[in-house]
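Below you'll find the structure, written out as structure tokens, and then a few comments.
The values are calculated or read from the model by the stated rules, or taken from the named source; none is laboratory data. The shown structure was predicted, so the numbers you read here are calculated from the model rather than taken from an experiment. Every residue, glycine as well, gets a Cβ built from its backbone with ideal geometry; the counts of neighbours run over all protein chains shown. Quick note on the areas: whole protein, heavy atoms, side chains included, nothing else; ligands and nucleic acids left out. Shrake-Rupley method; radii C 1.70, N 1.55, O 1.52, S 1.80 Å.
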Amino acid sequence: MTIRIVHTADNHIGMPFRQHGDETRNQLLEERFEALERLIETANDSHADFFIISGDLFDSTRVKTPYIERTVGILNKFMGTSVLILPGNHDFYAGDDTEVWKRFHKVSSEFSNIELLTTTSIVTFEMSGETIQFFPCPCPSKTGKDPLTSWIADAEKNLSALRIGIAHGNVTGLGLDANDHYFTMTMPDLEATGLTTWLLGHIHVPFPTTSSGSKSQLFMAGTHTPDSVRCKHPGSAWLLDFEQSQLKTYKRLSPGKIRFVRIDRS
């Protein structure tokens, strides 16, 4: 049986874009929603089983309630088994009183297909004889020196299951974080956890650098649509297929419909 996952992160719904005029700002705010909608449509068209958001779905813990309501409405259109959402460093989870997630829970509580991953505990699904285990590592604050993955070493794993880690933070060699402010992980540490695959967020550039393939233990989704002239890609996410508890293929998705271009003019 094939297990299909669409992986996204760093959507930053509610990003203010203060440096732009009103018309451009509104267009960019709208694009964050529309690109997420396009991803959900792609996931449904591809018959994906899971839609995974590896942190920073929202730009801050004080995002406006109408933005939360609209986001939940988009995610609820997913027709697969579950939408799994990890709090990142921008929309961190510091307890039940965290403003964004308190309002999110109020809006999403009636939808059984949307699950917020706020604890370091294994989330298990059984599908046609296949076991899928997710190992979430939610961010408890905006910054932090230590990685959030250490609990997995002692977790009781089903070695015959598909085991997927979900985390948010810097990875040495992939992002710039000289002072280790953003829960920095290392490739050897991630590999040592004994998981099949890691689905990560925080770095707005996709990894692997190849657009398709069959071998990688780590995936960075990148932001789903460009957010500034620094973003050189057209927005990215991943479509991942697993068979017999192993990665079979991956393919990069490009849901963004805008580009930032620097023009030098004299």
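Looking at the stretch 134-155 only, could you name the residues that are without any contact (Cβ under 8 Å) to a residue 40 or more places away in the chain and among the aliphatic types (A, V, I, L, M)?
LEU148, ALA155
Contact list please: Cβ distance under 9 Å, first residue in the stretch 47-70 and at positive phi, second residue open to solvent by less than 10 Å² (accessible area, probe 1.4 Å) and hydroxyl-bearing (Ser, Thr, Tyr), pairs at least six apart or on different chains.
ASP56/THR223
With respect to the numbered conditions (1) part of a loop (DSSP other than H, G, I, E, B); (2) touching a Leu at 6+ places or on another chain (Cβ under 9 Å), which one is the sole condition not fulfilled by THR223?
For THR223, the exception is condition (2).
For the stretch 127-171, give me each residue that is among the hydroxyl-bearing types (Ser, Thr, Tyr), exposed (fewer than 15 other Cβ atoms within 10 Å of the Cβ) and closer than 29 Å to HIS204 by Cα.
SER141, THR143, SER150
Can you confirm whether GLY95 is in a loop (DSSP other than H, G, I, E, B) and in contact with a His (Cβ under 6 Å, 6 or more places away or on another chain)?
Working: in a loop (DSSP other than H, G, I, E, B): yes; in contact with a His (Cβ under 6 Å, 6 or more places away or on another chain): no.
The answer is no for GLY95.
In the stretch 15-42, how many residues are surrounded by fewer than 22 Cβ atoms within 10 Å (Cβ to Cβ) and small (Gly, Ala, Ser)?
Number of matching residues: 1.
Among the residues of the stretch 72-89, is there at least one that is over 22 Å from THR8 (Cα atoms), assigned to a loop (DSSP other than H, G, I, E, B) and open to solvent by 50 Å² or more (accessible area, probe 1.4 Å)?
Taking every residue of the stretch 72-89 in turn, none turns out to be over 22 Å from THR8 (Cα atoms), assigned to a loop (DSSP other than H, G, I, E, B) and open to solvent by 50 Å² or more (accessible area, probe 1.4 Å).
If the requirement is being farther than 21 Å from LEU39 by Cα and modelled with pLDDT of 95 or more, which of these qualifies: SER214, SER236, SER266, SER254?
SER214 is the lone residue from the list that is farther than 21 Å from LEU39 by Cα and modelled with pLDDT of 95 or more.
Restricting attention to the stretch 43-58, and to residues there that are of a type in the set (Asp, Glu) and open to solvent by 10 Å² or more (accessible area, probe 1.4 Å), which single residue is farthest from the chain's Cα centre (by Cα)?
Among them, the one singled out is ASP45.
Among the candidates PRO188, PRO234, PRO255, single out the residue that is in a loop (DSSP other than H, G, I, E, B) and open to solvent by 20 Å² or more (accessible area, probe 1.4 Å). Before you say what the answer is, go through the steps one by one.
Details: PRO188 fails: in a loop (DSSP other than H, G, I, E, B); PRO255 fails: open to solvent by 20 Å² or more (accessible area, probe 1.4 Å).
The unique qualifying residue is PRO234.
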